[in-house]
Structure formats: C-alpha cells, structure tokens
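The values are calculated or read from the model by the stated rules, or taken from the named source; none is laboratory data. Predicted model, so just to flag it, every value in this text is computed and none were measured. Don't worry about glycine lacking a Cβ; one is built from the backbone with ideal geometry, like all the others, and counts go over all protein chains shown. Quick note on the areas: whole protein, heavy atoms, side chains included, nothing else; ligands and nucleic acids left out. Shrake-Rupley method; radii C 1.70, N 1.55, O 1.52, S 1.80 Å.
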Amino acid sequence: IELPDQQRLIRFEFTEPPRSGDDVVRCEGLAKSWPLADGGGKSVFSGVSGVIRRQEKIAVVGVNGAGKSTFLKVLAGRTKPSAGKVAIGASVSAGYFSQHALDLLHPDRTIFETVQDAMPEATIGTIRNLCGAFLFSGDDVDKRISILSGGEKSRVVLAMLLVRPLNFLILDEPTNHLDIQSREVLLETLQKYNGTVVLVSHDRHFLRSLANRVFELDHGEMRIYEGNYEYYQSKTTAKDWS
Ligand SMILES: Nc1ncnc2c1ncn2[C@@H]1O[C@H](COP(=O)(O)OP(=O)(O)OP(=O)(O)O)[C@@H](O)[C@H]1O
Ligand SMILES: [Mg+2]
C-alpha cells in the first residue's frame, strides 16, 4: 500500500548535545511579581527553591494564570526574578520556546530559507531532511512564513530549536497548534532527547509519556512531585478525597 505523502515520516538524526553538569538549574527563594499600572505589583509566585538535574523531564503544571509561563521565562532568563536567584549550571546551553517565537519569524522568507538561515553550514539535503522530519515535504518548503498556519509556524520554530546542540530545553506549550501526527513527532524526539527538559503543556498524553518529575504551581507556591505524571495525579487525586 502506498502511504499518502504526509504519513511517510522522515527520521532525522539529531546530533547529541554536549553534556551539561549534573545540576542544570538551582533556584533559591525565587519570587516573581509583575509590575501593575498603578505602581504596585502582582505577585505570581514566591519562595521557590529546588534543583533541576541533568536529564530530568519536568512538567510544570497549574491552572490558567497560575504562573507557569512566568516561571519558564524566569528560568530562561527572559525576565528577572523579583527576589531570590536562578543559578545556571556548568556547560548548560538552553533553548526557549514560547508562542511569542512564532511572531518573530520573518514573514517574507520561505520555510527552507528560514531553516537555512538558522543553519547556514548545512547542506541542502540536510535542510530538506530536517524539514521532512517536521512534516514539510516537497514543495511545502517553498511556502512563505506569512501564509503558514499556527501549527506550521510552530513546526518551523521547533525544527530550528531542536537542530541546535542544546542540552536544556525550556518549552512553553510547544504542542499548542500541533495536530496529532506532529505531536507524535515532537514527543518521540523529546523522548529520545538526552538533555534536560522543562515543559508546559495542557496535553495529558504528552505529559504522561514524557515527564519524570512534576512541578505544580498553586496559589503562588511551587510543589514538587518526585515522580512521573501518573504519580502526580495519584497524589493530587488522593488529596481531593481527603
Ligand atoms: N508580562 C506580564 N506583565 C504583567 N503581568 C503578567 C505578564 N505575564 C503574565 N502576567 C500575569 O501573571 C500571571 C501568571 O501568568 P502566566 O502567563 O505565567 O500564567 P500561566 O500559568 O502560564 O497561564 P496559562 O495556562 O493561561 O498559559 C497572570 O495573572 C498574568 O496576567
Ligand atoms: Mg502560559
């Protein structure tokens, strides 16, 4: 049977990133409040202490507005904490994904050109393979960014991020616009990835299949669960019943 084009998945061999130190991030008494228009501040979280260790795949969970994206921005150094500190470990090279990155793509460039700009040393074949791994085949790669859907833009940004030799990925809702097949590609890539991951996603299948530790933000506090997503769920369900 001939599979339709989009189901013929191309596997891309990502190069192993250089190994980081065992402590990837050390947070101590971390707090963040955002400035308010009236001159005051809105406290999002405080008193967050803990260590993110090499090869952990951490799910950051919490309701809308709990502060997940804020926490990731602080980790990624995109905004300063209001108190406490974030110490990044030795030989850590971090990459950050958020929806905002989709808006930073150059609208007039094609997918191929965009990826090529990010890896000017790569051969045409390598770029085509990378695009293929993110489900852009044939003429797709000549589409301009300006006409792409949210899911297609996400795939472009993720391809560029994952091809870099990073050993720490900070991913804020990377699956947001992705269809099932693209989610699976991303999931498989992250499962094989031997660096460290901090991830926000509302996709439970994704969290169950990937996370080996869970950070829960609740009313400005961070609770750390030393187990996978099922462990977290078992703990929180039991709590609801008590
Ligand atoms: N740049 C900002 N300036 C001011 N306030 C902000 C800013 N970013 C977030 N906030 C506020 O901080 C709080 C936490 O927002 P955050 O985006 O971190 O939540 P979240 O857990 O990621 O939510 P969601 O699940 O909806 O993405 C919210 O009350 C939000 O309005
Ligand atoms: Mg968010």
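Points worth noting:
- Within the range 200-220, residues that are in a loop (DSSP other than H, G, I, E, B) have Cβ atoms under 9 Å from residues that are at pLDDT below 95 and aromatic (F, W, Y) in no pair, counting only partners at least 6 apart in sequence or on another chain.
- Taking the range 225-235 as the range and being over 19 Å from the mean Cα position of the chain (by Cα) and open to solvent by 20 Å² or more (accessible area, probe 1.4 Å) as the test, the residues that pass are Y225, E226, E230, Y231, Y232, Q233, S234, K235.
- Residue in the range 158-171 that is aliphatic (A, V, I, L, M) and more than 14 Å from the chain's Cα centre (by Cα) present: no
- Residue match in the range 75-83 (condition: open to solvent by less than 50 Å² (accessible area, probe 1.4 Å) and away from ligand 2 (no atom under 14 Å from the Cβ)): yes
- Close pairs (6 angstrom Cβ cut-off, 6 or more residues apart or separate chains): free of Cβ contacts under 8 Å to residues at least 40 places away in the same chain in the range 155-167, surrounded by 23 or more Cβ atoms within 10 Å (Cβ to Cβ) anywhere: R155/F134
- Positions within the range 99-129 being open to solvent by less than 40 Å² (accessible area, probe 1.4 Å) and within 14 Å of E152 (Cα to Cα), in sequence order: A101, L102, L105, T110, I111, F112, T114, V115
- Among the numbered conditions (1) open to solvent by 20 Å² or more (accessible area, probe 1.4 Å); (2) farther than 24 Å from S93 by Cβ; (3) at pLDDT 95 or above; (4) part of a loop (DSSP other than H, G, I, E, B), the only one that A37 does not meet is (3).
- Residue count, the range 183-210 (criterion: more than 16 Å from ligand 2 (Cβ to nearest atom) and open to solvent by 10 Å² or more (accessible area, probe 1.4 Å)): 14
- Leading residue by the ranking (farthest from ligand 2 (Cβ to nearest atom)) among those in the range 84-98 that are of a type outside the set (S, T, N, Q), within 19 Å of S20 (Cβ to Cβ) and surrounded by 14 or more Cβ atoms within 10 Å (Cβ to Cβ): G89
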